[in-house]
1. Give me the distance between the Cα centres of region 47-82 and region 7-39, rounded to whole Å.
2. Can you tell me what percent of all Cα-Cα pairs in region 3-79 are more than 20 Å apart?
Amino acid sequence: MRLDKWLKVARVIKRRTIANEVCDNGRITIDGRVAKAATEVKVGDQLVVQFGPRKLALTVLEVPAGAVAASRAAELYRITEAPAGGDPFADPDAIVPARPTTEAPAGGDPFADPDAIVPARPTHEKKGAGSRSGRPVRQR
């Protein structure tokens, strides 16, 4: 099976076109060599997929003949150790700082109090007879 199709079937990458682009950009290696999208994937291959600064190392356990169920997709590969080189995302137990949160608005959070009355948007009554714009319809 082609590499780009296997990545999609195994649900490592969501769409085949994106998998194809990732391969074309040289972000995937198989057994240490840069792989193209048309490279055949075999059982036992060691894949390294680079997502920005993060590297995901996989071992291919199965190459299906076609599409598989989502519940079975994770059985097609095993995540192995990330390659050496000081990857900050290699250790799953590492503490990564979260994005800072913004402060609540000056008026407070209107959704915090379930009993708070939030005014509805004003409704506009029809201005004229027979037209959406409010202009009167010209009689002929």
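Just so it is clear, none of the values below were taken in a lab; they were calculated from the coordinates. All figures in this text were calculated on a predicted structure; none of them were measured in a lab.
1. Answer, in whole Å: 11.
2. That fraction is 19 percent.
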